[in-house]
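Worksheet: the structure to be examined is printed underneath.
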Amino acid sequence: MKTVIVTGAAGFIGSNLSKALLVSGYRVVGIDNFDDTYETRFKEEHVKELLLTPNFFLQRIDIRDKKAVSELFLREKPESVVHLAAKADTRAAVSDPYPYVDNNINGSLVVFDAAKDADVKHIVNVSSSSVYGNMPTPWSESTITDMPISPYGATKRAVELFAHSYYHNFGIPITSLRYFNVYGENNRPGMVPYKWAQAILRGEEIEISGKGERKRDYTYVGDTVRGTILALEHPNGIQTFNIGNNKPVSLRELLETFEKVIGVNAKVRERESHKASVEDTFADITKANTELGWKPEVPLEEGIKRLVEWVKTHRP
């Protein structure tokens, strides 16, 4: 049984990924520090079922703790790593970038170093579409990434560059995945799909920014996880892939989908767009389709139905 370490295993995508890896026959060692970016009880919920699985092992450590991370890697001798742990609030990073630099860059270097010393065969480094900034869409992996517009995006691009240097100097295959606007079960509370689902179900007002014209490439978490596992199983030197839905929709269109799924008209208040919010996101997924055999399968309406049902059950 192959062992894979998943950093950020108690988070939104990490918990979904850990579950899918277990189903696929992996032994999963999860790392998470249960920080208080949002209520830690939500993360405890995410791992409750995982902890009942014989092949899931949770380590409550911080990826910046070099000694603890190094000892864990040397003890577990994982074949591969999926590195998800990061601080991920784009707007908060503008106000206070230092924790993002510390967690996202310094923490990633600790993980890369530990993987090198433990002779890990493949690292999947989870990056973000934020690296593209406001470049013209659609974005392919060759699109310029020199101008991210948020400190969060800058940290993600910096880690991609460090990944290249680790591959060059130590020969560790590293695949960076640029996720696009992931939503679904276990959704992080600060994200638009979660906030809208909960507010509309409660009859509360929602906010829509920029007159609802900005477009996002909303990608269902199950599709994202499937793409991640395919990438994990195809190490090939230093690689980068977009993992997105390839079908951007405007915020107005997203709202119409929520209203159709829930069956009510939402109470809406408009606000100005945040300066760190990109205008549009749009993934060109040709490379992932050609080299990994991956493409998204869950349409937006179906994904929103699944999210709404999950919110009804877990966050009423």
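The values are calculated or read from the model by the stated rules, or taken from the named source; none is laboratory data. The model shown is predicted, which means the values in this text are computed figures rather than measured ones. Note: ideal-geometry Cβ built from the backbone for every residue, glycine included; neighbour counts use all protein chains shown.
Points to keep in mind about this one:
- Matching residues in the range 25-39 - criterion: being within 14 Å of R60 (Cβ to Cβ), surrounded by fewer than 22 Cβ atoms within 10 Å (Cβ to Cβ) and at pLDDT 95 or above: N33, F34
- So V225, is it of a type in the set (A, V, I, L, M, F, W, C), under 23 Å from S140 (Cβ atoms), touching a Leu at 6+ places or on another chain (Cβ under 6 Å) and crowded, with 17+ Cβ neighbours inside 10 Å: yes
- In the range 19-32, the count of residues that are in contact with a His (Cβ under 9 Å, 6 or more places away or on another chain) and not charged (D, E, K, R) is zero.
- Taken residue by residue, the range 9-24 has at least one member that is free of Cβ contacts under 8 Å to residues at least 24 places away in the same chain and surrounded by fewer than 19 Cβ atoms within 10 Å (Cβ to Cβ).
- Any chance E213 is at pLDDT 95 or above and either touching a Lys or Arg at 6+ places or on another chain (Cβ under 9 Å) or among the polar types (S, T, N, Q) (or both): no
- Screening the range 126-138 for residues that are farther than 10 Å from V278 by Cβ and buried (at least 24 other Cβ atoms within 10 Å of the Cβ) and picking the one that is farthest from the chain's Cα centre (by Cα) gives V131.
- Any chance I174 is touching a residue at least 60 places away in the same chain (Cβ under 8 Å), aliphatic (A, V, I, L, M) and farther than 30 Å from P316 by Cα: yes
- Scanning the range 187-233 for residues that are more than 22 Å from V264 (Cβ to Cβ) and of a type in the set (A, V, I, L, M) yields V221, V225, I229, L230, A231, L232.
- Selection from the range 192-209 of residues that are hydrophobic (A, V, I, L, M, F, W, C) and either surrounded by fewer than 16 Cβ atoms within 10 Å (Cβ to Cβ) or in contact with a helix residue (DSSP H, G or I) (Cβ under 9 Å, 6 or more places away or on another chain) (or both): V192, W196, A197, I200, L201, I206, I208
- In the set N187, N181, only one residue is at positive phi and in contact (Cβ under 8 Å) with a residue 40 or more places away in the chain; that residue is N181.
- Of all the residues in the range 66-93, those that are of a type in the set (A, V, I, L, M), modelled with pLDDT under 95 and surrounded by fewer than 21 Cβ atoms within 10 Å (Cβ to Cβ) number 1.
- In the set (1) closer than 22 Å to F42 by Cβ; (2) of a type in the set (A, V, I, L, M); (3) in contact with a strand residue (DSSP E or B) (Cβ under 8 Å, 6 or more places away or on another chain), the condition left unmet by A163 is number (1).
- Which listed residue, of F112, F34, F56, is under 17 Å from the mean Cα position of the chain (by Cα) and aromatic (F, W, Y): F34
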